[in-house]
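Inspection log for the structure reproduced underneath, given as structure tokens.
None of the figures in this text is laboratory data; all of them are computed from the coordinates on show. Note that this is a predicted model, so its numbers are computed, not measured. So basically every Cβ, Gly included, is an ideal-geometry build from the backbone, and we count neighbours across all protein chains shown.
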Amino acid sequence: MQRLKQKIENEGVVVSESVLKVDGFLNHQIDPIMMQEIGEEFTSRFANEGVTKIVTLESSGIAPAVMAGLSLGVPVVFARKSKSLTLTDHLYSADVYSFTKQESNQISVSTDYLSKDDIVLLIDDFLANGQAVLGMVSMLEQAGSALAGIGIVIEKGFQDGGAILRSRGIQVESLAIVDSLANGEVTFRDEKASSE
Ligand code: G4P
């Protein structure tokens, strides 16, 4: 997605060889127009999959997921990372280990909002090692929901999440794949190679 790549080039900050900061439009301040285009792009890529629901993980997955939900006309469920006062039992849950943050979080979704009748599109802001997405896949399995595919705003192609998910035969659509952050520069994967 060309406009997203331009935005990353113009506003992204390379923090290290493995971390890209995009607080200006995705992880802190949100650019709603950009987010709307992202939602429409996910919709066009998964339009024929019969999606009934979108599932994401709080917090930064929510904005692109809601825009995709608006465009597809389906509800959006966000998995919670922390215990909620009102979300106490009847949960699907999974442990997610973050290599980036070196901490484990339990994520959960109420059994009220996922069922065996759902065909789910998973959306997240970043794909790094894939642990968050694998946790969400585990919750879909617990619910008996079908997985339509995975939509990612920014995939870090030099980490192994994308390869793990694609090797399972899952359709992963990443709107920008960053292959390197070396020398303070963002290098994107060749468009044709990533079939964008
Ligand atoms: P994984 O799920 O793919 O294994 O990712 P990992 O544990 O490495 O990432 C943990 C958190 O850090 C996730 O956000 C993820 O989106 C974010 N992250 C990973 N790499 C980058 C990066 O290069 N840049 C930015 N900006 N974020 C990155 P989170 O903890 O769920 O935070 P949030 O959704 O509340 O923002």
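Sorting check: for 93-106, 152-165, which peptide has the highest mean count of neighbouring beta carbons within 10 Å, and how do the rest follow?
Ranked by mean Cβ neighbours within 10 Å, highest first: 152-165, 93-106.
Have a look at PHE99, ALA65, LEU114 and report the one farthest towards the positive end of the charge dipole of the chain, computed about the Cα centre with Cβ charges (Lys/Arg +1, Asp/Glu -1).
Toward the positive end, the furthest listed residue is LEU114.
Please state the charge dipole magnitude for segment 2-195, taken about the Cα centre, from unit charges on C-beta atoms (+1 on K and R, -1 on D and E), reported in debye and rounded to the nearest 20.
180 debye
Taking the Cα of SER98, stepping 7 Å toward and past its beta carbon, and measuring to each backbone N in segment 35-76: which are under 19 Å?
Inside the label zone: 56-65.
What residue among VAL51, GLY144, SER180 has its Cα farthest toward the positive end of the dipole of the chain, where the charges are +1 on Lys, Arg and -1 on Asp, Glu, each on the Cβ?
Checking the options against the dipole of the chain, the answer is GLY144.
Using Cβ contacts closer than 10 Å as the measure, can you line up ARG168, ARG3, ARG189 from fewest to most?
In order of increasing Cβ crowding within 10 Å: ARG168, ARG3, ARG189.
What does the highest-first list of 115-123, 41-49 look like by mean Cβ count within 10 Å?
In decreasing order of mean packing, 115-123, 41-49 become 115-123, 41-49.
Rounded to the nearest 500 deg cm²/dmol, what is the calculated helix-only ellipticity per residue at 222 nm for the chain, with -39500 (n - 2.57) per DSSP H run of length n ≥ 4?
-8500 deg cm²/dmol
Quick one: of the DSSP bridges fully inside the chain, what percent are antiparallel, nearest 5?
The antiparallel fraction comes to roughly 40 percent.
According to a simple spin-label model (label point 7 Å from Cα along Cα-to-Cβ), what is the distance in nm between ASN183 and LYS21?
So the two model labels end up 2.3 nm from each other.
Give the long-range amide H neighbours of GLY149: residues separated by 5 or more places, or on another chain, with amide H under 5 Å away, using H modelled in the peptide plane at 1.01 Å from N.
LEU122
Whole-Hz Karplus ³J(HN,Hα) for segment 172-181, in order, using 6.51 cos²θ - 1.76 cosθ + 1.60 and θ = phi - 60°, x for Gly and Pro?
Listing the rounded values in order: 10, 10, 10, 7, 8, 10, 8, 8, 7, 10 Hz.
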